Every structure is written in C-alpha cells, then in structure tokens.
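Working notes, beginning with the structure itself.
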Amino acid sequence: MQEDTLTATPVVQLANVERAARTLDGVIYKTLLQHNLGLSDAYGANVYLKREDLQVVRSYKIRGAYNKIAGLSREQVTRDVVCASAGNHAQGVAYACQLLGIRGYIFMPAQTPAQKVSKVRLFGKDQVDVVLVGATFDDTYQAAKNFCDQRGSTFVHPFDDLAIVEGQATVGLEILRDAPAQIDFLFMPIGGGGLASGVSSVFRQLSPRTRLIGVQPLGAPSMQRAIANGQRQALESIESFVDGAAVKCPGELTFQLCQELLDEVALVPEGQVCEDLLKMYNEEGIVLEPAGTLSVSALHQYADQIQGKTVVCVLSGSNNDITRMEEIKERAMRHQGRKHYFLVTFNQKPGALRRFVNHVLQEGDDIIQFQYIKKNNKEKGPVFIGLEVQNPHDVAGIQQRMAAEGFGYEYLNGKQDFLSLLV
C-alpha cells in the first residue's frame, strides 16, 4: 500500500508553467497541432494531433527533465543528477545534461536493448554515464536511489515532481495557443501521470469546458484503479507491452492532480493499440510507439460522444523498436479476431490430421502454426495449432466442428504469457 501524505492538492501555477516555457525556449520543438483528415472523417469530428512524436528526443519527456535540471541550484549541480529509466525519460535527462553541461548518471535495467542504450549515450555525449544494473526496473530504481543517497546527488523522477509536471504542462500551453476553436475533448496517455496532470492543470484554468480524458493500457490500469478506489495502491502485476505507460503505481503528486482534474480515465486493450499503431503508420505515415498511440485508440470508445466536436489527441512519443513490429502485427490480428490459437487433443492414429483439415477447417482457413511431438504408448497427444481466418466470426464454426468431430481443445488467445513462449 502506498501512503499519501499530502493533505491538499497542490495547484500548478500558470506563471510557473509560462516560466517553464521560457526555460525551454530554444531547447525543444514547439510541435505541431495538426488536423488529421483520416481520423476526422472516420469519427465525424475535427480531430487534431499534438505531435510530440516529433519532439527533439522523439517524446515530450525532455520538457520536464530539462525544466527540472535547469532549475537546480549550483550546489545541487555540483553533486550531479541521477535518473532510473528504460526509455524516454532516460533520453530526456541525458539530453538535458548534455545541453546544460551537468554530469548525469542514467541507470537502466541490465537487459535494456542496445539500441536504447546507444540513444541515451548519443543524447548525453560525454556528460552522462549509463549504468546497466538490475533484472527488473524496480531493482534499477532502487540502485539509482542508493547511489543518490551515497553521493548526495539529485534524483530526477520521471513524473512525481512539481518541476517535471510544470515542464510537461507546457504541452497544454502550446495546444491552446494553436487551437483554431474551442476544444471539446482532450485525450492524453497516462503512465505515472506527469503529462496528464500538467496538461490538465493548464486546461482547467484556461479551457475549463474541455472534457479531459486520460488513457491507460488495459493491462496497466494503475491511475484508473487509484482514482476509482480513492487511493494509490501498487498493482501486483501489469502487462508491460505498452512500456511507456506501464507503471505499477502512479505518483503521489500526479495521483492527486489527476484525481481532481480529469473527467475520467479510459482503458484501451493492447491489441487495439497495436491495430491503431499499424493503421497510423500505413495510412498516415506516422511512426508511433505503443504509448504514443493510446490517445488515438481511445477514440473508438468515444465515437458517439465526439461526433461534430473538436478533439485533440496527444501523440506522446515515437521511440519504437522496429524489431517489435512482428509482435505488434500479431497482437493486432488477434485483436481483430483473425488469428486464433488452440491446444487440440489428437488421436495418435494415422489420418487424424487429415480429418482435422477436411472436417474442421473450411476454405479460407489457414494453418499458420502446428507443433506436435508424438508420444509413445499414448493414445492421444496435444497439438499446438495457430489458425488465420478471413472473418472473425469464422472461429465459432471452427470450435463447433472440433467438438462435433471429437477433438478436445483449449482456446489460448487470452493467455498471453503462454502464447509469448510459442508465438
């Protein structure tokens, strides 16, 4: 259980956000608020995209990191800064250290892909040391905190810090500056809540009629659960696929701000995120990371409410590893109901596979995976089968025909941990 010690929700002062914007002037890109014709036509709305995927480190994280580090005292700077991150926050802190000439130590999990480590070193140049430690992010975080305590360094938290929130809030100032009309709906991704709490603070003061929607992945609903329960409590486990928003527990400060300011938090299935990520790339030429796609994926749930309205979606980042695209496509097709996996019990007799193909499958059904090891002295054996169908409704017929032909089976599509070992 996380204990909340703040007695009143701090107010993010507009004057401080405007000061953060001046601090960031010349450091960050003032990213586009771009009307999107495809999404607008699809939903009968005026949909605008806030393109933080085009930010200098390809995410909004540089805003908060730079604002925090630039505001440190001379004494704090001499003791260096430290952060723990496996992704965008690490790049933001590294770039801020390089620009400000401050020594930084970036702690990352030992198994962080080399591509991410090299990007952090690129942005930090000779101002940062990357420390690879810990089997999990929690291990890495603890190692970074211990390092800070030993050296008296300043820990730059990824979200639970007022200066970080004020830096992220500058996204809100830019949206309102560029918006051609009153914004009816604003969709923002939530991980720890720094972006959502900062932008919401600006909107509540300057555009109070805007409906503010935070968006989290279905498998990591930490802020949604915290608001629903009225208190923070770390989730026992989360689905880490949408890694930029997969946080077990929101921050103390960010929870209080989001609880007070957001109208609601929507949860989006990871498969829907994958489907929309591919669609944004194929149809719009926009490269996004899974967390950067969350706000677009939430539009499906609000289709009836946003018709005829002016809508803004914050695209929070584009740091996607190309090696993940096969997994993204796989998850998207499962979400669309076009790929299905079964553990089927086969009689270990000649002709069993022929009977399955001839009597269970129909024209257009395709076996995409088949794993079977014959077991001696056994009448029956399990077979792992992956099928691709033309129509999502076709799977019901396949299941009915398997039962009619005497094939016992277990449907595996909802068992992600099991599938990750085989697919």
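The values are calculated or read from the model by the stated rules, or taken from the named source; none is laboratory data. As the structure is a prediction and not an experimental result, all values here were calculated from the model. Glycine also receives a Cβ, built like all others from the backbone with ideal geometry; neighbour counts cover every protein chain displayed. Ligands, DNA and RNA are stripped out before the accessible areas are found, and what is left, the full protein with its side chains, is counted by its heavy atoms. Shrake-Rupley method; radii C 1.70, N 1.55, O 1.52, S 1.80 Å.
Laid out as a table, the results:
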read-out: Qualifying strands (runs of 3 or more DSSP E) (wholly inside the stretch 324-423; at least 3 residues being hydrophobic (A, V, I, L, M, F, W, C) and out of contact with any Asp or Glu (no Cβ under 7 Å at 6 or more places or on another chain)); value: 380-388
read-out: Matching helices (runs of 4 or more DSSP H) fully within the stretch 40-139 where at least 1 residues are buried (at least 23 other Cβ atoms within 10 Å of the Cβ) and either among the polar types (S, T, N, Q) or in contact with a Ser or Thr (Cβ under 6 Å, 6 or more places away or on another chain) (or both); value: 61-70, 88-100
read-out: Failed criterion for G191 (all others in (1) out of contact with any Cys (no Cβ under 7 Å at 6 or more places or on another chain); (2) open to solvent by less than 20 Å² (accessible area, probe 1.4 Å); (3) over 20 Å from A163 (Cα atoms) hold); value: (3)
read-out: Conditions (1) open to solvent by less than 10 Å² (accessible area, probe 1.4 Å); (2) of a type outside the set (A, V, I, L, M); (3) part of a loop (DSSP other than H, G, I, E, B): number failed by F159; value: (1)
read-out: Inter-residue pairs, beta-carbon under 8 Å, first touching a residue at least 12 places away in the same chain (Cβ under 8 Å) and in the stretch 336-356, second among the aliphatic types (A, V, I, L, M) and open to solvent by 30 Å² or more (accessible area, probe 1.4 Å), 6+ apart; value: K339/I368; Y341/L422; Y341/V423; F346/L353
read-out: Complete set of residues in the stretch 242-275 that are open to solvent by less than 10 Å² (accessible area, probe 1.4 Å) and either within 18 Å of the chain's Cα centre (by Cα) or among the hydroxyl-bearing types (S, T, Y) (or both); value: V242, A245, P250, G251, T254, F255, C258, A266, V268, V273, C274
read-out: Given (1) at pLDDT 90 or above; (2) crowded, with 18+ Cβ neighbours inside 10 Å, index of the condition A303 fails; value: (2)
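A quick yes/no check of all residues on (1) of a type in the set (D, E); (2) open to solvent by less than 10 Å² (accessible area, probe 1.4 Å):
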residue: L277; (1), (2): no, yes
residue: V311; (1), (2): no, yes
residue: M325; (1), (2): no, no
residue: E330; (1), (2): yes, no
residue: Q336; (1), (2): no, no
residue: N347; (1), (2): no, no
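Listed here are the residues, each with its yes/no results for (1) charged (D, E, K, R); (2) modelled with pLDDT under 95; (3) touching an Asp or Glu at 6+ places or on another chain (Cβ under 9 Å).
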residue	(1), (2), (3)
S200	no, no, yes
Q205	no, no, no
P208	no, no, no
N229	no, no, no
E236	yes, yes, no
S240	no, yes, no
T254	no, no, yes
